[in-house]
Number of protein chains: 2
Amino acid sequence: MKPISALLTLSFLPVFFSSQQLLAQQTSAQTSQTSAIDKRYTDEVKAIAEQPAVKKAFQIFIDLEPQTKQDHITLTEIPSPPFKEAARAKKYAAMMKEAGADSVWIDDVNNVIAKRKGRSGKKTVVVESHLDTVFPEGTDVKIKQKGDTLYAPGIGDDTRGLTAILAVLKGMEKASIETDADVLFVGAVGEEGLGDLRGVKHLLRKGGLKVDSYIAVDGDGISSIVHRGLGSHRYRVTFKGPGGHSYGSFGIVNPHSAAGKAIYYFTTEADKATRQGVKTTYSVSVIGGGTSVNAIPYESWMEIDMRSESPDKLNEVDQLLQAAVQRALKEENGLKRQGPDLTVDVKKIGDRPSGKTDITAPIVQRAIAVTKYMKAEPQLDVASTNANTPIALGIPAITIGSGGIGGGEHALNEWWLNDKGYLGMQRILLVLLTEAGLDKGTGGSGVKR
Amino acid sequence: MKPISALLTLSFLPVFFSSQQLLAQQTSAQTSQTSAIDKRYTDEVKAIAEQPAVKKAFQIFIDLEPQTKQDHITLTEIPSPPFKEAARAKKYAAMMKEAGADSVWIDDVNNVIAKRKGRSGKKTVVVESHLDTVFPEGTDVKIKQKGDTLYAPGIGDDTRGLTAILAVLKGMEKASIETDADVLFVGAVGEEGLGDLRGVKHLLRKGGLKVDSYIAVDGDGISSIVHRGLGSHRYRVTFKGPGGHSYGSFGIVNPHSAAGKAIYYFTTEADKATRQGVKTTYSVSVIGGGTSVNAIPYESWMEIDMRSESPDKLNEVDQLLQAAVQRALKEENGLKRQGPDLTVDVKKIGDRPSGKTDITAPIVQRAIAVTKYMKAEPQLDVASTNANTPIALGIPAITIGSGGIGGGEHALNEWWLNDKGYLGMQRILLVLLTEAGLDKGTGGSGVKR
């Protein structure tokens with residue numbers, strides 16, 4: 001998860017709406033919903049939190065801190081670049097097995113799945129963090145500690161998440177907490193960038209796991225509740241021509257000229273289309289092509305990102321890009337004085353579904369109730385996380401933080417500080433137990449699973 | 001020299017003019033001028049070529065072939081990347097000294113200058129080839145021989161030229177040929193690409209050498225006579241903004257959007273401006289910028305090349321670029337929704353003057369007469385070579401070939417074949433002697449220099 005600066009907190013809501021009318025409407029609606037949180041969730045959370053076994057688990061998280069730190073360091077120092085998560089997956093699976101999961105397996109794409117059986121097993125709740133980092137092979141991932149702060153690429157995003165849910169499993173085992181639903185602790189591949197949520201897409205594919213509730217753990221702190229998936233489309237557009245000497249071959253098609261036209265048409269129209277309504281963004285982010293200043297290039301490529309919470313708005317901007325590319329292609333071919341036509345390849349390199357889990361859904365209500373129980377301020381966020389996929393499939397899903405504080409995500413100086421990090425595990429456990437159901441066997445009084 | 005495919009030969013002239021009227025006019029003018037070559041030049045060439053000492057030199061070039069081949073290999077295998085010609089310069093200076101030059105020095109920019117004094121020394125004639133290749137450091141420059149063909153990066157362009165003028169000096173020494181003018185044999189740095197003719201610009205700078213006649217040796221064969229300098233301007237344009245997250249920072253300026261607009265405005269206007277008149281070209285050749293598909297880039301850069309034989313036309317296209325860049329900057333800043341303005345840096349990275357040595361100038365007439373004397377077909381060419389600089393300064397200048405045949409210039413599989421390569425040295429010597437004046441002391445009968 002890359003934190004986005006625009007947080008949908010109760011007070012920051014205005015950031016998202018350019019229309020005053022929409023703003024007023026949404027703000028009041030959200031405020032009343034939040035303050036009018038159904039009392040049964042507040043009661044439910046309190047009842048679970050005050051069970052002796054749960055209190056015991058809370059203390060275990062604190063007692064386990066030195067071991068949790070060691071797990072965090074071990075995992076962080078196993079590089080896990082995009083599409084190359086295998087080594088970290090293997091170690092993580094072993095840790096999950098050691099922690100007491102009933103069964104652990106690594107699937108075809110290197111997701112780690114650790115199953116902890118519930119009493120009835122009628123439902124399945126997923127608690128997941130992602131194995132991949134944004135950092136390429138060869139990045140130095142050795143931890144550097146300065147004071148109490150740990151520095152390393154990927155230390156927070158999302159290795160802290162992996163460590164936190166591993167600790168939750170350990171706490172549940174040691175405190176003999178039983179759930180009604182099966183719980184799957186998952187280390188997922190491919191959350192970042194071009195990974196394009198491939199791990200979770202594989203988990204939840206047709207014929208894959210049947211999941212009733214999905215809790216992704218990503219980002220720090222204990223306030224954020226991402227319940228809206230920010231959808232995105234990403235493209236790599238490549239114009240190709242024969243290329244040649246800038247003087248001798250003059251008059252052949254120039255791929256950069258076509259790319260320039262496409263950027264001009266796309267950004268001009270997309271600017272107009274995004275000035276009203278739900279926040280929708282577009283960015284021509286990376287461009288390249290050409291070998292020498294005295295040569296007409298044989299190719300010009302650009303990578304484009306577009307995002308919206310609204311699938312319709314996202315598709316509208318997508319169509320503007322497609323139209324701009326085809327118009328530029330046609331016009332550049334119309335100007336050529338010699339040689340073959342320009343061609344274009346439009347490749348979709350990212351497709352993250354948008355959508356939301358309604359604020360009235362039990363999973364969101366429970367997360368709010370848990371957050372308030374822990375005396376933190378709930379932040380209802382929109383982001384692009386692994387929760388996007390279950391949300392788009394209609395599975396109740398949220399993304400919550402892993403505790404502590406951190407920064408520098410996606411940068412080499414990424415850091416994480418264990419400022420009462422155990423609160424992260426406590427919060428994850430409570431949200432999980434409200435969703436999975438605390439069984440009567442909890443505390444060792446029931447039938448052995 | 002990178003040969004350009006459009007050669008201005010007598011028969012190929014139509015390539016250069018899109019207007020039928022201009023075509024007819026220029027073709028006839030050129031044909032009559034060439035056929036009406038002043039008889040005194042034909043006579044002059046014949047008289048010089050039949051001097052016993054000159055005939056002796058002609059035979060010496062043939063006898064020296066094994067040593068010339070060895071010199072060619074030695075020089076080719078000393079890497080000479082742009083801006084890093086020092087090692088080759090040092091060796092070339094030693095070879096020039098060994099060959100019998102009166103004095104040899106390496107100037108501030110690593111040009112090698114070997115002076116051979118003339119009887120009067122009232123005038124100075126330069127014979128020059130360039131030391132630099134286009135190939136970066138680390139390129140394998142080891143010669144590979146297949147049959148009679150030598151393969152190596154830079155073997156033709158312009159290491160053959162360096163070898164040829166070294167052989168010319170040796171032949172003049174061994175045949176005791178005396179000239180009236182001083183002759184400077186020069187190995188020049190910085191002819192290629194971003195070198196931007198810096199070696200010759202330095203030689204002929206204000207306060208530099210006083211030169212009356214300039215013969216550049218570049219390219220193969222014995223037909224080409226480049227008497228027109230193809231001018232070029234080259235720019236690196238960089239738009240800069242703060243950069244940020246594609247969603248969280250949306251609304252800040254996007255440098256790629258500005259670059260796209262600039263390319264659109266520039267190429268649309270330049271297309272119109274170059275459809276009439278003297279051939280004038282433009283190319284957006286290399287583009288780049290951006291770090292990740294989910295980030296608004298902090299910079300966008302592009303390298304642009306424009307060329308014309310006409311300084312006016314070149315300036316016209318240059319102005320279109322400047323206007324397009326400023327318009328794009330203004331418009332992109334006008335669209336921003338937050339954050340600081342975009343800035344732009346327009347850096348001139350190349351400036352090769354255009355111009356021509358008139359076809360009636362003695363140096364061109366003499367080169368035509370020499371070429372015909374050698375039973376080759378003169379090709380009057382336009383190109384961007386080291387002769388551009390003296391031409392722009394009003395110094396009579398041409399570029400002629402070094403003999404043999406070659407290909408693959410600027411490519412790793414560059415090759416050169418010694419197909420009567422000695423004819424190249426014979427031709428260079430004759431053109432040089434017509435310009436420098438053959439002194440009565442020639443053949444050892446005169447006063448020792």
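Quick note: the coordinates plus some simple rules give every number you see, no bench work behind them. Please read these numbers as outputs of a predicted model, since none were measured by experiment. For neighbour counting, all protein chains shown are included, and Cβ atoms are generated from backbone atoms with ideal geometry for every residue, glycine included.
Values for this structure:
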item	result
Shortest-first distances to equivalent copies, position A:Pro311, nm, label 7 Å out along Cβ	6.6
Sum of -39500 (n - 2.57) over DSSP H runs of 4+, divided by residues of chain B (222 nm, nearest 500)	-11500 deg cm²/dmol
Amide H partners (placed H, <5 Å) of B:Glu192, local residues excluded	B:Leu197
Contact order relative to length of region A:327-449, as percent, for alpha carbon pairs under 8 angstrom and 6 or more apart	19
Phi-based couplings in Hz for region B:337-346 (Karplus 6.51, -1.76, 1.60; Gly and Pro marked x)	10, 6, x, x, 6, 6, 10, 9, 10, 10
Residues in region A:247-284 reached by a label modelled at A:Thr291 [backbone nitrogen below 20 Å; 7 Å Cα→Cβ]	A:247-259
Top of B:Tyr247, B:Tyr282, B:Tyr298 by mean-square fluctuation, Gaussian network on chain B, Cα under 10 Å	B:Tyr247
Percentage relative contact order, chain A, counting C-alpha pairs under 8 Å, at least six apart	24
Likely footprinting exposure, A:Ile165, A:Ile391, A:Ile143, fewest C-beta neighbours within 10 Å first	A:Ile143, A:Ile391, A:Ile165
Relative exposure of A:Asp220, A:Asp271, judged by other C-beta atoms within 10 Å (fewest first)	A:Asp271, A:Asp220
Copy-to-copy label separations for B:Ile62, where each label sits 7 Å from Cα toward Cβ, in nm and ascending	10.4
Closest approach to the B/A rotation axis among chain B Cβ atoms, residue and whole-Å value	B:Tyr264, 2
Note, ³J(HN,Hα) from phi for region B:224-241, Karplus 6.51, -1.76, 1.60, rounded to Hz, x at Gly and Pro	6, 10, 7, 10, 10, x, 7, x, 8, 10, 10, 10, 10, 9, 10, 8, 10, x
Set of lysines with alpha-carbon distance to B:Lys201 below 21 Å, sequence-local pairs under 8 removed	B:Lys2, B:Lys84, B:Lys90, B:Lys115, B:Lys123, B:Lys210, B:Lys347, B:Lys348, B:Lys356
Amide H contacts of A:Asp439 (H built 1.01 Å from N, under 5 Å, at least 5 apart or other chain)	A:Glu178, A:Thr179, A:Asp180
Loop-located GluC sites (Glu not before Pro) in region B:70-137, at most 10 other Cβ atoms within 10 Å (DSSP)	B:Glu137
All lysines inside 17 Å of A:Lys146 as judged from Cα atoms, apart from same-chain residues fewer than 8 positions distant	A:Lys69
Listed residues A:Gly241, A:Gly424, A:Gly355, most fluctuating in chain A (Gaussian network, C-alpha, under 10 Å)	A:Gly241
Number of partner chain Cβ atoms within 10 Å, mean per residue of B:238-247	4
Region A:290-434: translational diffusion in µm²/s, Stokes-Einstein, Kirkwood Rh over Cα pairs, 37 °C, 0.692 mPa s	165
Other-copy label distances relative to A:Ser103, 7 angstrom Cα-Cβ extension, nm	9.3
Karplus-derived 3J(HN,Hα), 6.51/-1.76/1.60, for each residue of region B:185-196, Hz, glycine and proline x	8, 10, x, 9, 8, x, 7, 7, x, 6, x, 6
Residues B:Lys206, B:Lys69, B:Lys123, sorted so that the one with the fewest Cβ neighbours within 10 Å comes first	B:Lys206, B:Lys69, B:Lys123
Distant-in-sequence amide H partners of B:His245 (H built 1.01 Å from N, under 5 Å)	B:Ile296
